[in-house]
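Here is the structure we will look at, set down as structure tokens.
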Amino acid sequence: MTFASCKKGELSGNYGEDNGCINRVKRDYSDSNKTELAAAVSLLQKNNISLNGLVITRVILNDSITTNGPLTIYQHVVASEESKGLPIFNSGMGYHFRDGTYYLLSGRRYGTLNLDTKASATLPQIRKIFIDAFNKDGYKDGHVDASSCVRAEFGYYNLAQDTPDQPHFVKAWKITFNNWDYPEAYIQDDNRKLLSYFNGIMTVVNANKW
């Protein structure tokens, strides 16, 4: 019998690792209660809209509008997608109904993607990329640091968001610190590329200056 040995990380590529706390999770993206979700499901089914792969994230049921005539009730079901049980991170669409009847879809639905569900990156590799980006970020507010535990969710990411008719999906990771929405990073699985990093701070330009 022949034995072989290797240094840690050698078989998974020379990407570096961080052996701090990281957990793989599946996030719940819905901010609606069970009653609203049930109403949204009923509304979609009534209008023969498939629920397959659909993740309802928000529901607005009583958008009332009166314009010199009868009262009109609009309903809006905001959703993202899953493929093969994994989230399509930067997907998003809105189903719009007028008095219970579907009339408009905003956004695009992609359906099942031609990608498998296997990850090649390890959690320590993903953590190192996220923490390196966090350390380079000039903004810190003190609620987390490089030793804090992070959450990693595996799914799919569209690299071609600016060309909706020609999407280019890759397998990717969404990373945040535990119990916090920001900072947030997306990391491509196969090449460990940092696709985006956002610390949650929005810069507002004062229009009165121009």
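The values are calculated or read from the model by the stated rules, or taken from the named source; none is laboratory data. For clarity, every value in this text was computed on a predicted model and none was experimentally measured. Neighbour counts are summed over all protein chains in view; Cβ atoms, including those assigned to glycine, are modelled from backbone coordinates with ideal geometry. We work out accessible area using only protein heavy atoms, side chains counted, and drop any ligands, DNA or RNA first. Shrake-Rupley method; radii C 1.70, N 1.55, O 1.52, S 1.80 Å.
Below are the figures for this structure:
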| read-out | value |
| --- | --- |
| Linear extension gain, residue 23 paired with residue 184, 0.36 nm per residue minus alpha-carbon span | 56.5 nm |
| Table column - 3J(HN,Hα) (Hz), the range 94-103, Karplus curve with 6.51, -1.76, 1.60, x for Gly and Pro | x, 9, 10, 10, 10, 6, x, 10, 5, 9 |
| Structure-derived Cα extents along the principal axes in Å - corresponding label in (i) 53, 44, 30; (ii) 103, 35, 25; (iii) 80, 57, 34 | (iii) |
| Cα long-axis angle, helix 123-136 against the chain (0 to 90 degrees, to the nearest 10) | 80 |
| Cα long-axis angle, helix 34-46 against the chain (0 to 90 degrees, to the nearest 10) | 70 |
| Point-to-point label distance, residue 147-residue 196, nm (Cα→Cβ direction, 7 Å offset) | 3.2 |
| Residue 173 - accessible surface, heavy atoms, 1.4 Å probe, Å² rounded to 10 | 0 |
| Heavy-atom accessible area per residue - the range 34-106, 1.4 Å, Å² | 54 |
| Share of carbon and sulfur in the accessible heavy-atom surface of the range 77-197 [1.4 Å probe, %] | 47 |
| Unit Cα scatterers, Debye sum, the range 28-134: log10 I(q)/I(0) for q = 0.11, 0.18, 0.20, 0.22 Å⁻¹ | -0.47, -0.92, -1.04, -1.17 |
| Relative contact order [Cα under 8 Å, 6+ residues apart], the range 34-106, whole percent | 24 |
| Per-peptide average of other Cβ atoms within 10 Å, ordering 82-94, 23-35 highest first | 82-94, 23-35 |
| Label-point gap, in nm, between residue 38 and residue 98 - each point 7 angstrom along Cα→Cβ | 3.0 |
